[in-house]
Each structure stands twice: as C-alpha cells, then as structure tokens.
Amino acid sequence: MPVDLILSNAKIYSRKGIIEASIAIDESRIFKIAKETNLPTASGKLDLKGLLVLPGLIDSHVHLRDQQLAHKESFFSGTAAAAAGGVTTVIDMPNNKPVTMSSKSLQERMEIAQRQTVVNVGFYSAFPQNLSEIHSIVEDGAVAFKLYLSQKIGGVNIEDDEALLQAFDKVSETKVPVGVHAEDRETIEKGKRELLKAKRRDVEAHLEARSHEAERKAIQRTVHLAQRTSAHVHLCHLSTAAGLRDVLQAKRDGLSITCEVTPHHLFLSSKHLKQLKTLALVNPPLRTRRDNRALWDALRRGRVDAVSTDHAPHMIEEKKTDSVWDVKPGIPGLETMLPLLLTRVNEGHLSLSILARATSERPAKIFNLKDRGNLVEGNHADLVAIDMKQEYKIDSSRFHSKAKYSPFDGWRVKGKPVKTFVDGNLVMDEGEIVAEPGTGQIIRRPESS
C-alpha cells in the first residue's frame with residue numbers, strides 16, 4: 001500500500017545535523033526519513049527543492065482570545081497566524097472572557113476551537129475556586145495551569161501562600177505543569193499609586209511601576225513555593241538578568257523548574273519602548289540591553305528551556321490611549337518569532353540546534369506533548385519548510401492575525417517559513433492558508449499522564 005505523501009529533496013534538521021533526504025508521511029505521522037529511492041510509493045509527492053525542514057514550532061504561550069474577545073482575535077485568525085509563522089502547536093492562556101477556570105468553561109472553549117483551528121491547540125486553565133475540580137479539568141483536557149501573581153485571575157487568592165501551596169500540591173497529582181506570570185502585585189500597585197499621585201502617565205512610568213524588583217520578588221516567591229511542593233513550575237516570559245539568575249540557581253538546586261523567554265525580551269529594550277511608545281507596551285515590560293544580553297547568553301548556552309511568543313493581540317485603538325495606565329499590554333508575535341530567530345541563525349549568533357530545542361523539543365517535553373517536537377519516525381508530521389536565503393521586511397499590515405501592528409514593523413529579516421504541515425496536511429503555502437478551519441487537532445491532555 002502506498003503512503004499518503006512524500007516530501008522530496010529536503011534538507012532535514014536532525015539531532016545529528018542536517019541530512020539531505022525525503023520524508024514519507026502516512027496517516028498523519030512520519031513513516032520514514034531516507035533517500036527517496038529507499039522510500040515506499042506514495043499517493044502524493046511534493047518537491048521541497050532543497051528547503052530546510054524543521055520540527056513545527058510549539059508555542060506554549062499564546063492568547064487566542066475568541067469568545068467574548070473575538071473582535072481582537074478568533075481561533076481561526078490566531079491559528080492562521082501561527083501557521084504563517086511555522087508554528088504547528090499553540091497552548092492557549094486562560095485569561096479569556098469568560099476565564100478558563102472550570103471543566104465547563106474549558107469544554108465550551110474547546111468546542112468552539114475545534115471548528116476553527118488550522119494548527120493544533122492545547123489549553124491552560126486558571127486555578128478553579130474549588131481545588132477538587134483540578135483533576136476533572138485535566139481529565140477534560142487542560143495541559144497546564146496558569147498562575148498570575150500580578151493580578152487575580154481564577155479562583156485562588158494570590159496573596160495566600162497556603163492556598164497556593166494547596167493548589168500546587170493538587171496539580172502535582174495530575175503531572176501537568178503550573179505556568180507562572182512572575183510579577184509581584186503589591187510592588188506594582190504601590191509603584192502605580194505613587195506615580196498616579198505624581199500625575200505620571202508616560203511609558204517610563206510603566207517601567208518604574210513594573211520594576212526589575214517586581215519580577216525578582218515574584219520569582220523568589222515562586223521558588224519558595226516550588227521548594228515546598230512537587231509540582232513542576234514553568235516560569236513564563238523571563239525579562240530580567242536578576243530573575244534569570246534566581247531561576248538558574250533553583251535549577252541547580254534540583255527544583256522542578258523550567259523557564260521561557262520571548263522574542264520581544266530578546267530583541268527589544270526599554271529604548272525601543274521609549275521610541276515606539278505604547279505600541280511596544282507589554283507585561284513584563286521591555287528591559288535594559290544588559291537584560292537582553294543575559295537572556296541571549298542563557299539561551300545560547302541551553303539554560304533557557306523555551307522561546308514563546310506571548311502572542312497577545314489587541315485592537316489598535318487599545319494600544320494608543322493617552323494614559324499608559326489605560327493601554328492594553330501585549331503584542332502579536334506568532335508571525336515574527338521564527339523569522340527573527342532565523343535571522344540570528346543566518347548571522348551566526350544562534351545555532352539551529354538551540355532554535356529547535358527551544359521552540360520544539362523542550363516545549364513538547366515540558367507540556368508532555370507525546371510524539372511531537374522532533375522529526376523522527378513515528379512522530380506526528382508537524383513540520384515547517386524554510387527558505388533560509390529569503391530576505392524581506394516585516395509588514396504587519398499583511399498579518400493573518402487581526403492585530404495589524406508590531407514593534408518589529410519594517411525590520412529586515414532573513415529566513416522565511418514557506419510551507420507549514422500539521423499532521424501531514426499542508427496548511428500554509430507561501431504565506432497563504434490553504435487548509436479549512438477545523439484542520440487542527442485539539443490536544444486534550446498529556447497522553448502519558
């Protein structure tokens with residue numbers, strides 16, 4: 001019997017290096033990687049003409065909006081943006097409207113997503129009010145829980161360490177991780193009150209309120225919680241050198257902790273915030289060049305586990321208010337992450353192995369996404385074909401995301417995702433979405449739990 005598809009004439013990334021070969025795909029999985037003469041016959045064939053093939057990216061920090069926030073992003077537009085950026089799996093954050101924090105809200109969200117997605121989607125849940133519901137939320141599909149230390153989202157009092165410990169302990173029984181937004185609410189609110197009293201509403205005020213100390217204090221608190229529980233903790237969007245040091249020390253101490261950084265915290269500094277104003281406003285905010293260098297160094301050394309976008313689309317009107325306190329924080333990142341990182345690879349400042357590790361291999365392991373994250377026989381055929389030589393300027397007006405803005409607008413990049421395959425199906429071809437809504441799979445729970 002012939003296999004479904006052969007992707008021929010490819011340069012395929014593997015842990016042993018780049019190999020010139022072809023990929024046979026059958027029933028949504030990689031059947032064999034070999035010279036074409038050693039592959040079975042196929043019902044279809046696509047010549048990749050020497051393109052580089054990487055594992056499809058797994059973005060573990062995405063805000064897909066939809067439901068009551070569909071005017072900002074829908075499951076279709078968000079996953080189309082992912083496909084355009086070479087991302088084949090995303091994990092959706094719970095701070096939605098309504099908040100994802102119960103079996104009922106999770107199931108409702110999954111049912112809506114199932115009809116619209118063109119890439120695979122997993123879901124975070126916030127902690128429920130009744131912690132006994134944690135097990136059922138995981139059984140119904142949540143791949144992780146999310147804790148925001150900067151504001152209360154979900155059912156647990158973030159000021160109560162004992163309540164948080166109970167939540168962590170209960171989650172540890174399910175073997176899914178707890179993602180943490182590490183910014184200290186009290187530090188932020190105190191700074192904001194003082195700045196408001198001084199009638200400050202500029203972007204520099206945002207930097208002052210959400211200080212380096214706000215992140216470090218929350219990280220230290222998270223580490224303390226991790227020391228008293230067996231839950232796996234995943235620190236989201238690290239932005240400071242000091243916070244990074246604390247996380248790396250916790251790792252050396254043997255705690256079950258991983259961490260991620262975002263492209264905007266790698267490539268942009270507070271200098272860019274002052275130039276671009278509220279368009280580049282995110283939480284945690286852009287930091288100093290020294291912080292940028294520390295994050296880059298840790299990434300290159302393999303000490304940072306993942307690079308994730310924190311894709312957070314808003315309406316442009318919400319990004320351009322007079323007062324910084326009224327601006328919606330966040331930027332769209334699904335369509336810029338891979339080109340930015342590939343540019344660094346082309347420049348010789350980042351290895352392909354670190355890129356693949358941080359954007360595919362490690363996220364798959366952290367979130368227990370079985371048979372994903374590597375181009376090996378038997379794994380799901382989630383992959384992206386890349387033209388490493390193609391140069392172009394980022395143009396946010398052409399984004400598939402509903403958010404048509406970016407702090408990277410006009411940046412020249414080298415290296416472009418040109419074809420994205422999800423479970424062996426071509427979903428993006430030369431920037432065009434060619435799959436029907438509903439092509440993507442809902443990843444309902446870690447399969448080995």
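Readers should treat all values here as calculations from the given coordinates under stated rules, not as data from a laboratory. It should be emphasised that the depicted structure is a prediction, and the values quoted were computed from it without experimental measurement. Here the Cβ is made from the backbone with ideal geometry for all residues, glycine too, and neighbour counts use every protein chain on show.
Out of the GluC sites (Glu not before Pro) in segment 125-214, which ones are loop residues according to DSSP with at most 16 other C-beta atoms within 10 Å?
Loop-located and lightly packed - Glu159, Glu173.
Need one number: nm distance between label points at Lys49 and Gln129, each 7 Å from Cα along Cα→Cβ, rounded to one decimal.
Here the modelled spin labels are 5.8 nm apart.
Counting only helical runs of four or more DSSP H residues, what would the 222 nm mean residue ellipticity of the chain come to if each run contributes -39,500 (n - 2.57) and the total is spread over all its residues?
-8500 deg cm²/dmol
Would you mind classifying segment 131-221 by shape? Square roots of the alpha carbon gyration tensor eigenvalues, ordered a ≥ b ≥ c; an a/c under 1.5 is rounded, otherwise it is prolate if a/b is larger than b/c and oblate if not.
prolate
As an exercise, use a Förster radius of 45 Å and the Cβ-Cβ distance of Glu162 and Asn346 to find the FRET efficiency, rounded to the nearest 0.05.
For Glu162 and Asn346, the calculated efficiency is 0.35.
Where both residues lie in segment 56-366, what percent of DSSP beta bridges are antiparallel, nearest 5?
Approximately 5 percent, going by the DSSP bridge assignments.
According to a simple spin-label model (label point 7 Å from Cα along Cα-to-Cβ), what is the distance in nm between Ala198 and Lys35?
7.0
Run the reach check for Lys389 against lysines, Cα to Cα strictly under 19 Å, same-chain hits fewer than 8 apart removed. What comes back?
Here the lysines satisfying the reach criterion relative to Lys389 are Lys11, Lys49, Lys414, Lys416, Lys419.
Enumerate the lysines that Lys370 could reach by cross-link, defined here as Cα to Cα under 22 Å, with residues fewer than 8 away along the same chain left out.
Partners within reach: Lys16, Lys32, Lys146, Lys175.
Specify the residue with the greatest mean-square fluctuation among Asn157, Asn38, Asn425, computed from a Gaussian network of the chain linking alpha-carbon atoms under 10 Å apart.
Of Asn157, Asn38, Asn425, the Gaussian network model singles out Asn38 as fluctuating most.
From the phi angles alone, apply the Karplus equation (6.51, -1.76, 1.60; θ = phi - 60°) to segment 263-278 and give each ³J(HN,Hα) in whole Hz, x where the residue is Gly or Pro.
x, 5, 7, 8, 9, 10, 10, 4, 4, 5, 4, 5, 7, 8, 6, 5
Just rank Asp59, Asp66, Asp169, Asp253, fewest to most, by other beta-carbon atoms within 10 angstrom.
Ranked by crowding around the Cβ, least crowded first: Asp253, Asp169, Asp66, Asp59.
For the pair His71 and Gln107, what calculated FRET efficiency results from E = 1/(1 + (r/R0)^6), where r is the Cβ-Cβ distance and R0 = 22 Å, to the nearest 0.05?
0.40
Evaluate Rg over Rh across the chain, taking Cα atoms for both radii and Kirkwood's formula for Rh.
0.96
To make sure I understand the rule: partners must be aspartates and glutamates, Cα under 19 Å from the Cα of Lys199, and not fewer than 8 residues away in the same chain. Which ones qualify?
Qualifying aspartates and glutamates at Cα under 19 Å: Glu189, Glu208, Asp322, Asp326.
What is the distance in Å between the Cα centroid of segment 65-115 and that of segment 306-375?
So the separation of the two Cα centres works out to 17 Å.
Among the GluC sites (Glu not before Pro) in segment 1-97, which ones are in a DSSP loop with at most 14 other Cβ atoms within 10 Å of the Cβ? Mind listing them?
Sites meeting the loop and neighbour criteria: Glu27.
Per residue and in Å³, how big is the convex hull formed by the alpha-carbon atoms of segment 12-142?
In segment 12-142, the Cα hull volume divided by residue count equals 143 Å³.
What is segment 292-449 by shape, rounded, prolate or oblate, if you read a ≥ b ≥ c off the alpha carbon gyration tensor as root eigenvalues and call it rounded for a/c under 1.5, prolate for a/b larger than b/c, and oblate otherwise?
rounded
What is the set of long-range amide H partners of Asp4 at a cut-off below 5 Å, with H atoms built 1.01 Å from backbone N?
So Asp4 has HN proximity to Ile25, Asp26, Glu27, Ser43.
Which one of Asp409, Asp322, Asp310 has the biggest mean-square fluctuation once the chain is modelled by GNM with Cα springs under 10 Å?
Of Asp409, Asp322, Asp310, the Gaussian network model singles out Asp322 as fluctuating most.
For Gln390 and Glu213 in one chain, what is 0.36 nm times their gap in residues minus the Cα-Cα distance, to one decimal in nm?
59.6 nm
Over segment 56-366, what is the relative contact order in whole percent, taking alpha-carbon pairs under 8 Å and six or more residues apart?
It comes to 17 percent, rounded to a whole number.
For Lys190 and Val99, what does the FRET efficiency come to when R0 = 30 Å and r is the distance between their Cβ atoms, rounded to the nearest 0.05?
So, using R0 = 30 Å, E works out to roughly 0.70.
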